[in-house]
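Report on the following structure.
No value in this document is a laboratory result; all are computed from the given coordinates. Just so it is clear, the structure is predicted and the values come from calculations on it, not from any experiment. Every residue, glycine among them, receives a Cβ derived from its backbone with ideal geometry; neighbour counts consider all protein chains shown.
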Amino acid sequence: MKFLKITSLATVAALAGNMAAAQERFITIGTGGQTGVYFVVGQSICRLVNRGSGDHGLKCTAPSTGGSIANINAIKAGDMDMGVAQSDWQFHAFNGSSQFEGAGFDKLRAVFSVHGEPFTVVARTDSGVASFDDLFGKRVNVGNPGSGQRATMDVVLGAMGKSADDFALASELKPAEQSAALGDNKVDAIIYTVGHPNGSIQEATSTVDATLVPVTGDAIETLVNDNPYYAKATIPGGMYKGTDGDVETFGVKATFVTSADVEDDVVYTVVKAVFDNFDRFKGLHPAFANLSEEEMIADGLSAPLHPGAEKYYRERGWLN
C-alpha cells in the first residue's frame, strides 16, 4: 500500500508539472535598436512580467527590432504580440495614412504610452535665441531630408506660416553631425525630436555654452489640439548644462501597442505587471523618471484601448 501511495503522489506531481507547462505562455515585444530607449522599454516590461511568471504563467522576450513601423507590421502579421511605436505611427497605422496608406491596421490597439520624445531646440547662448520665433534670421539645422526631425520641423514651420527660407541658413545635417556643427559655430541652433536624456544633446551643451529653447504659443497649441499623435512635453531642468529650469515644448510619445487578436488576459497581465510595480518601472531608465499613470493611459493614444488594458484601468478607477 505504501508503494502504491508513493506512486500515486509521484503521478500527481507529474500531472501537476505537465499542467503547469501547458499553462505557460510566451509573448514577444518588438522594441528598437539596442542603444535606444525603445529597447529599454521592452526589456523593462518583460523584466516585470517575468518576475511574476510563477503566478500567471506568462513569459516575455523583447528582441531588438527595426523600430516603430517594423513593430507594427510584425504585430499585424502575427509575428509579435506587442511592440513600441511612436504615437504618430500608431495614428497612421490605425487610420491607413502616410506610409500605411492602403495598408491600414484596424485591429491595432493601444495599451499605454511611455516617455515623451520632445521636439527639442538647442541654441548657442551667444546667438541671442530665447524663443522659437528668435530662430528666424538665424542659422538653423533643420535636419536631413526624410528624417523625423525634419518632417516635424516642416510641420511646425507650416503651422506658423513660415518656411525654411525664413532662416539665414537651413542646414540639413544628420543628428550625428549637428552637435559638432553647433560647437564649431557653423549653426546657431539645432532641432531634434528625441527622448531625454540624450547623448547628442549632452555633447552639444558640454562643448559650447548653449541652452534649450521653449517651443510654445498659439500655433503649437493648435497642433497639439488638432492632432492626437502630438502631446505637450516638458524637458526637466538640470538635465543639461546651461538649462536649469524646465523647458516647455511638444512632441510625440513612445507608445506601447498590440493587436485586438491578443487575448484580453494576456494584455491585462502585462499592464498589471507594469502599473502594480510602477515605481520600479520608473527607475529602470532616466527617461521614465517623470512618467505619470494619468498621462500614460491617455496621451498619444489614437487607436482604441485594448479591452485587457481597459479592464485594469477601470479596476484602478482611472477610467469611468
- Can you run phi through the Karplus equation (6.51, -1.76, 1.60; θ = phi - 60°) for the range 160-176 and list ³J(HN,Hα) in whole Hz, with x for Gly and Pro? 8, x, 10, 8, 5, 5, 7, 9, 5, 8, 10, 7, 10, 6, 6, x, 5
- Task: Choose one answer from ASP218, ASP88, ASP246: the residue with the largest mean-square fluctuation in a GNM of the chain with alpha-carbon springs under 10 Å.
- Result: ASP218
- Give LYS107/LYS232; LYS186/LYS241; LYS241/LYS282; LYS59/LYS232; LYS162/LYS186 a once-over and call out the pairs whose C-alpha atoms are over 31 Å from each other. LYS59/LYS232
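First obtain the Kirkwood hydrodynamic radius of the chain from its Cα pairs, then insert it into the Stokes-Einstein equation at 20 °C and 1.002 mPa s, and state the resulting D in µm² per second as a whole number. It would help to have the intermediate numbers written out before the result.
Numbers: Rh = 21.2 Å.
My calculation gives 101 µm²/s for D.
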- Take the alpha-carbon centre of the range 52-101, take the same for the range 241-281, and report the distance between them in whole Å. 14
- Query: Once amide H atoms are built 1.01 Å from N in the peptide plane, which residues 5 or more positions from ALA210, or in another chain, come under 5 Å H to H?
  - Reply: THR125
- Message: Under 10 Å, Cα contacts only: if you run a Gaussian network model on the chain, which one of SER200, SER302, SER87 comes out with the highest mean-square fluctuation?
- Response: SER200
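How big is the shadow of the Cα convex hull of the range 117-252, averaged over all directions, in nm²? Could you put the intermediate results ahead of the total?
Numbers: hull surface 28.0 nm².
Result: a mean projected hull area of 7.0 nm².
Would you tally the net charge around VAL84, using a Cβ to Cβ cut-off of less than 13 Å, leaving VAL84 out, and scoring K and R as +1, D and E as -1?
Details: positive: LYS253; negative: ASP81, GLU117.
Charge balance near VAL84 sits at -1.
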- Item | Cβ-based exposure ranking for TYR230, TYR313, in which fewest neighbours within 10 Å come first | TYR313, TYR230
- Exposure proxy check: ILE72, ILE201, ILE220 ranked by fewest other beta carbons within 10 Å? ILE220, ILE201, ILE72
- Could you give the size of the charge dipole of the chain about its Cα centre, using +1 on the Cβ of each K and R and -1 on the Cβ of each D and E, expressed in debye and rounded to the nearest 20? 1440
- Query: Who wins for biggest fluctuation among GLY83, GLY36, GLY199 in a Gaussian network model of the chain, springs between alpha carbons below 10 Å?
  - Reply: GLY199
- Calculate for the chain the 222 nm mean residue ellipticity that helices alone would give, adding -39,500 (n - 2.57) per DSSP H run of length 4 or more and normalising by residue count, nearest 500 deg cm²/dmol. -12000 deg cm²/dmol
- Query: Mind listing the phi-derived Karplus ³J(HN,Hα) values for the range 279-288, rounded to whole Hz, using 6.51, -1.76 and 1.60 with θ = phi - 60°, and x for any glycine or proline?
  - Reply: 5, 5, 4, 4, x, 7, 7, x, 5, 8
- Can you sort LYS272, LYS241 so the residue with the fewest Cβ neighbours within 10 Å comes first? LYS241, LYS272
- Query: In terms of modelled amide H atoms, which long-range or inter-chain residues lie less than 5 Å from the amide H of THR255?
  - Reply: ALA85, GLN86, SER87, VAL114
